[in-house]
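The values are calculated or read from the model by the stated rules, or taken from the named source; none is laboratory data. The shown structure was predicted, so the numbers you read here are calculated from the model rather than taken from an experiment. As a convention, Cβ positions derive from the backbone with ideal geometry for all residues, glycine included, and neighbour counts pool all protein chains shown. These accessible areas exclude ligands, DNA and RNA; they are computed on the full protein's heavy atoms, side chains included. Shrake-Rupley method; radii C 1.70, N 1.55, O 1.52, S 1.80 Å.
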Amino acid sequence: FVPTAKILAHDPFFADWPTIQFYGKTGRWEYQSHGHLAHDPIPINGAGKEGTFLFNKKWLPEKNRLETDEEYLSRLEKDYIESGSLLRKEGSNHKVIGYSFPFSEAGQGSLGNMPEATRLNEGLLARYYRFGFIQDQAGYTILKEGGPSPMMLRRYTVPSSWGGEHLIRHLARRHPQNVSRIQLGQSYFWNG
């Protein structure tokens, strides 16, 4: 997941475009959007308090006010578009279908100063991407054969110290059906 503004700024924490392009050409890796400026905090009041880009209106010091609803939506839409456009351009028309939400949400779990943030972010996601990704400790999305595929998917960051067997054990323990069985078994045990 590529935060495109960080790549343009040559942030040393992130891979550069030639590296990302090389990964894409291997056939083993693909890349998707992680926003353009959406990773950067924004001012959310006149005192200089900062908040997250996607679910806060930005403080406009030159106007001594917060963005209007229209300005907020325009800023977000521009960010969704810019990220996908840069990825397609730099990736030789790479197919961009996914958007991983910075800080793993679009306003569902945190309070910002924009009450409609979740609905608006999900609408923009649906307009410009096929899938949205949020971080999750298990990494499971429940899919039903023949059913509709969800738009929001969960992802899990595998610690670099893990090998394949450790990952398989983790996935087995965290599978929702296994978690339910373990909890049921614990309930039976503790209740005699």
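Looking only at the stretch 114-125, filter to residues that are open to solvent by less than 60 Å² (accessible area, probe 1.4 Å) and in a helix (DSSP H, G or I); which one of those is modelled with the lowest pLDDT? Here the residue is T118. Number of residues in the stretch 1-27 that are of a type in the set (D, E, K, R) and more than 21 Å from the chain's Cα centre (by Cα) equals 1.
Could you tell me which residue of the stretch 16-59 is farthest from Y80 (Cα to Cα), considering only residues that are free of Cβ contacts under 8 Å to residues at least 12 places away in the same chain and in a loop (DSSP other than H, G, I, E, B)?
From the stretch 16-59, those free of Cβ contacts under 8 Å to residues at least 12 places away in the same chain are 16, 18-19, 22-23, 25-29, 47-50; that's our starting set.
When the remaining residues are screened for being in a loop (DSSP other than H, G, I, E, B), the result is 16, 26-29, 47-49.
On the way: D16: 20, T26: 26, G27: 25, R28: 25, W29: 22, A47: 28, G48: 25, K49: 24 Å.
Restricting to residues being free of Cβ contacts under 8 Å to residues at least 12 places away in the same chain and in a loop (DSSP other than H, G, I, E, B), the top hit is A47.
Exactly one residue out of A9, A38 is modelled with pLDDT under 90 and either crowded, with 19+ Cβ neighbours inside 10 Å or out of contact with any Lys or Arg (no Cβ under 6 Å at 6 or more places or on another chain) (or both), and it is A9. When S100, S85 are screened for being buried (at least 20 other Cβ atoms within 10 Å of the Cβ) and polar (S, T, N, Q), only S100 passes.
The sole residue among I182, I134, I142, I168 that is at pLDDT below 90, under 30 Å from E67 (Cα atoms) and either outside any helix (DSSP H, G or I) or open to solvent by 80 Å² or more (accessible area, probe 1.4 Å) (or both) is I134.
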